[in-house]
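Below is one structure; the comments refer to it alone.
Read the figures in this text as sums done on the coordinates, not as results from a lab. Everything quoted here is computed from the prediction, not taken from an experiment. Glycine gets a Cβ as well: all are built from the backbone with ideal geometry, and neighbour counts include every protein chain shown.
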Amino acid sequence: LAYSEYCCNDDECKCDFATRACRLALSNGDEDADELCARAENSCCTGPFTFLSYGDGGCRCDFWEPLCHENPIAATCDQTEAACCNNDHCTCDFLTYAADE
């Protein structure tokens with residue numbers, strides 16, 4: 001994360017390296033993974049330009065969905081559900097998908 005804060009000259013670089021730090025923390029089970037991932041989400045999904053596509057749930061959904069798929073733990077999948085679902089049907093479908101994976 002320090003690299004993204006001090007060595008990147010643009011927001012896309014900051015998003016990329018902050019997301020890498022988030023993924024590494026999740027894969028290592030680090031206690032600060034939640035904080036690192038929240039910072040990465042903020043880095044990628046704030047401002048007039050975002051570096052993830054706008055699917056049904058927007059940038060936040062596109063940020064969290066791969067993290068839930070790669071690391072299917074409550075911390076990532078709860079964030080994914082909150083970012084991607086805006087109704088009970090979607091939540092039910094998502095939780096079924098997450099349980100099956």
Problem - Per-residue HN-Hα couplings for the range 7-20 [Karplus 6.51, -1.76, 1.60; θ = phi - 60°; Hz; x = Gly/Pro] - result: 10, 8, 9, 9, 5, 5, 4, 4, 4, 4, 6, 5, 5, 4
Fill in the blank from the handout: If the chain between residue 82 and residue 30 were fully extended at 0.36 nm per residue, the gain over the current Cα-Cα distance would be 16.5 nm
Exercise for the section: State the extension gain, in nm to one decimal, for the chain segment bounded by residue 38 and residue 12, taking 0.36 nm per residue of separation less the distance between their alpha-carbons. Expected result: 7.7 nm
Completion exercise
Surrounding charge for residue 5, neighbours by C-beta under 11 angstrom, Lys/Arg +1, Asp/Glu -1, total +2
Handout entry: the range 4-32 and the range 60-101: distance between their alpha carbon centers, rounded to Å
Key = 21 Å
